[in-house]
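The values are calculated or read from the model by the stated rules, or taken from the named source; none is laboratory data. Keep in mind the model is a prediction, meaning the values are calculated, not measured. Heads up, the Cβs are rebuilt from the backbone with ideal geometry, glycines too, and the neighbour counts pull from every protein chain shown. Only protein heavy atoms, including side chains, enter the accessible area calculation; ligands, DNA and RNA are left aside. Shrake-Rupley method; radii C 1.70, N 1.55, O 1.52, S 1.80 Å.
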Amino acid sequence: MSNTKRKICLFGGTFDPPHIGHLLVAQTIFESERFDKIVFIPTFKTPEKDHVTNIKDRLAMLTMAVTSNPNFEICDMEIKREGVSYSIDTIKEYKNEFDLKSNELFYLIGSDSLQNFHNWKDANQILDDCKVIVALRPGFKPSDISNSILRKVLFASIPRFEISSSTIRKRWRRDKTIRYMVTQPVWEYINDHGMYQ
């Protein structure tokens with residue numbers, strides 16, 4: 001095993017569908033934080049969302065969206081694990097599998113997720129097991145977050161891209177364009193498979 005320090009960032013989510021905002025945030029944070037790679041981890045089943053598109057379609061779209069970028073890769077450990085996907089389980093499993101130290105592994109979340117972070121399973125353990133890096137979104141107020149959490153997270157200096165998967169699904173159902181919100185292969189996949197009807 002090499003003694004060279006690594007710097008890996010995990011980016012979890014439903015990616016339903018994966019969109020340009022995901023890719024822009026990931027690439028920008030890759031460059032600004034000088035990560036070795038960004039690892040997209042599609043959630044099998046999330047604790048807070050009841051209805052998500054089946055994992056086969058979400059994984060197919062994510063693969064189309066990220067494979068052309070050599071800085072990105074996909075990890076399917078939450079899919080293989082099945083059941084509800086908890087971040088702490090993924091962080092521990094990834095660290096063990098790739099023999100990473102806590103200061104080599106980063107976990108990317110949006111500032112909207114940080115509002116509810118104290119309710120996550122083993123939230124304090126997450127902060128000990130990796131470095132949580134937060135992408136700021138409009139409307140974020142640090143005063144809403146406890147100091148014990150704020151002290152331990154890093155805020156990423158990245159541009160704000162207000163595109164969301166839920167907006168894309170709504171626009172698609174209303175027969176409005178989602179061009180420039182998703183990559184062309186993902187657009188074609190959504191169209192060809194009759195998704196989000």
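Among the residues of the stretch 124-145, those identified as buried (at least 17 other Cβ atoms within 10 Å of the Cβ) and not charged (D, E, K, R) are I126, L127, C130, V132, I133, V134, A135, L136, F140, I145. Considering (1) more than 21 Å from V25 (Cα to Cα); (2) within 16 Å of the chain's Cα centre (by Cα); (3) in a loop (DSSP other than H, G, I, E, B), the lone condition that K121 does not fulfil carries the number (2).
Under the condition of being closer than 29 Å to R6 by Cβ and open to solvent by 20 Å² or more (accessible area, probe 1.4 Å), which residue from the stretch 48-59 is modelled with the lowest pLDDT?
Step one: filter the stretch 48-59 for residues closer than 29 Å to R6 by Cβ, giving 55, 58-59.
Narrowing the set further to residues that are open to solvent by 20 Å² or more (accessible area, probe 1.4 Å) leaves 55, 59.
Values: I55: 94, L59: 97.
Step by step, filter the stretch 48-59, then rank; the result is I55.
Filtered by the rule that a residue be part of a helix (DSSP H, G or I) and open to solvent by 60 Å² or more (accessible area, probe 1.4 Å), the stretch 86-104 gives K92, E93, N96, E97, F98. Taken as a whole, the stretch 53-68 holds no residue that is in a loop (DSSP other than H, G, I, E, B) and among the charged types (D, E, K, R). Of all residues in the stretch 19-43, those that are under 16 Å from I74 (Cα atoms) and part of a helix (DSSP H, G or I) have Cβ atoms under 8 Å from Cβ atoms of residues that are open to solvent by 30 Å² or more (accessible area, probe 1.4 Å) and of a type in the set (K, R), 6 or more apart or on another chain, in F30/K37. When I190, I163, I168 are checked against the criterion of being out of contact with any Ser or Thr (no Cβ under 9 Å at 6 or more places or on another chain), surrounded by 11 or more Cβ atoms within 10 Å (Cβ to Cβ) and part of a loop (DSSP other than H, G, I, E, B), a single residue qualifies: I163. Picking from residues in the stretch 171-187 that are charged (D, E, K, R) and in a loop (DSSP other than H, G, I, E, B), the one that is surrounded by the most Cβ atoms within 10 Å (Cβ to Cβ) is K176. The one condition from (1) in contact with a helix residue (DSSP H, G or I) (Cβ under 7 Å, 6 or more places away or on another chain); (2) modelled with pLDDT under 90; (3) assigned to a helix (DSSP H, G or I); (4) not charged (D, E, K, R) that S113 does not meet is (1).
Mind checking whether some residue in the stretch 45-60 is within 12 Å of C9 (Cα to Cα) and touching a residue at least 24 places away in the same chain (Cβ under 8 Å)? Walk me through how you get there before you give the answer.
At the first step, the residues of the stretch 45-60 found to be within 12 Å of C9 (Cα to Cα) are none.
No, the stretch 45-60 contains no residue that is within 12 Å of C9 (Cα to Cα) and touching a residue at least 24 places away in the same chain (Cβ under 8 Å).
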